[in-house]
1. Do you know which of the residues in the stretch 226-284 that are β-branched (Val, Ile, Thr), modelled with pLDDT of 95 or more and not in a strand (DSSP E or B) is most open to solvent (accessible area, probe 1.4 Å)?
2. Being open to solvent by less than 50 Å² (accessible area, probe 1.4 Å) and in a helix (DSSP H, G or I) is the requirement here; does residue 83 meet it?
3. Could you check the stretch 120-140 and list, in sequence order, the residues that are surrounded by fewer than 18 Cβ atoms within 10 Å (Cβ to Cβ) and in a helix (DSSP H, G or I)?
4. So residue 120 passes all but one of these: (1) at pLDDT below 95; (2) under 20 Å from the mean Cα position of the chain (by Cα). Which condition number does it fail?
5. Which of the numbered conditions does residue 92 fail, given that it passes all the others? Conditions: (1) more than 29 Å from residue 263 (Cβ to Cβ); (2) of a type in the set (Val, Ile, Thr); (3) assigned by the TED database to the domain that holds residue 214.
6. Within the set of pairs 6 or more residues apart or between chains, which connect a residue that is free of Cβ contacts under 8 Å to residues at least 60 places away in the same chain inside the stretch 54-80 to a residue that is part of a helix (DSSP H, G or I) and aromatic (Phe, Trp, Tyr) with Cβ atoms less than 8 Å apart?
7. Report, ordered by the first and then the second residue, all pairs with beta carbons closer than 7 Å, sequence separation of six or more or different chains, a first member in the stretch 194-213 that is closer than 15 Å to residue 88 by Cβ and polar (S, T, N, Q), and a second member that is in a loop (DSSP other than H, G, I, E, B) and open to solvent by less than 10 Å² (accessible area, probe 1.4 Å).
Amino acid sequence: MRKLTSFVCGTGAGLAVYYLQRLRDPQATVNNSWTNSEKPVDPWALWDTNWDCREPRALVRPLRNSQPEEENRYNAELEKAKAKKARHIILVRHGEYLDVGDSDDTHHLTERGRKQAEFTGKRLCELGIKWDKVVASTMVRAQETSDIILKQIDFEKEKVVNCAFLREGAPIPPQPPVGHWKPEASFLRDGSRIEAAFRRYFYRAYPDQEKESYTLIVGHGNVIRYFVCRALQFPAEGWLRISINHASITWLTISPSGNVSIKYLGDSGFMPAELLTHRIPRDAKNVV
């Protein structure tokens, strides 16, 4: 017992010295051997609490003095500015389509793509979600996928928002670079649009939102992968390292505090194996 007490006391004293040393010299932190960080925490790893410009402290007029009346005013306004419920953003990639012709009008879903969308619609129905909003890219393959899903879920087609900001594109030059894929002009044309789409749909709830909300977005692989990186505050240049299947489900939750978590990433386990695809067939021979 004396040895155990000595060990505990010694360990506690050691931890105390360690944390005192950290307070005096933050650079003294020992990093894990598999990291290449020279600092305790890389700047990109620090969570930006005001990423959506809706952090309550950023919305309320700062304290002008330390008088009780001013503090009461500040605290009351701060409480009013706080979100109370979560927002759920469910992203669905379109089904498989045939990439033929130079126009989007010819890029229709394949038979397999239609089956994928049908399975996704059934899966969303099984989840029992009460949808507050459904948004779809204006591209043909996303519109067709949305139409098939709507036959399975409880939402009126007339209320669907068609958004051109969600159209497929090249959001940002990827890292590591991909030699065979260099749409430099596309980054300038598409990047700001896709970023605008992210800002349009990703934000914490308004303070007057009284229940958790659910938004379904039917879109495209590049856009969804970029959204995931941006929402989780991962380096956006890593978007191309993520692969998601056709008609797969990605579920992100924005908590009242502004923290973001991911529940599903490209989930397609509800489909039969023969329907799992992520690349576009280039000719009719590969179409099911």
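The values are calculated or read from the model by the stated rules, or taken from the named source; none is laboratory data. Predicted model only: the values in this text are computed from it and were never measured. A quick note on method: Cβ atoms are made from the backbone with ideal geometry, for glycine too, and the neighbour counts reach across all protein chains shown. For accessibility, only protein heavy atoms count, side chains too; no ligands or nucleic acids. Shrake-Rupley method; radii C 1.70, N 1.55, O 1.52, S 1.80 Å.
1. Among residues in the stretch 226-284 that are β-branched (Val, Ile, Thr), modelled with pLDDT of 95 or more and not in a strand (DSSP E or B), the one most open to solvent (accessible area, probe 1.4 Å) is 242.
2. Taking the combined requirement at face value, the residue does not satisfy it.
3. Hits for the stretch 120-140 are 122, 125, 126, 140.
4. For residue 120, the failing item is (1).
5. (1)
6. Short answer, once both residue conditions are applied: 60/74; 61/74; 62/74; 63/74.
7. Matching pairs, first to second residue: 213/205.
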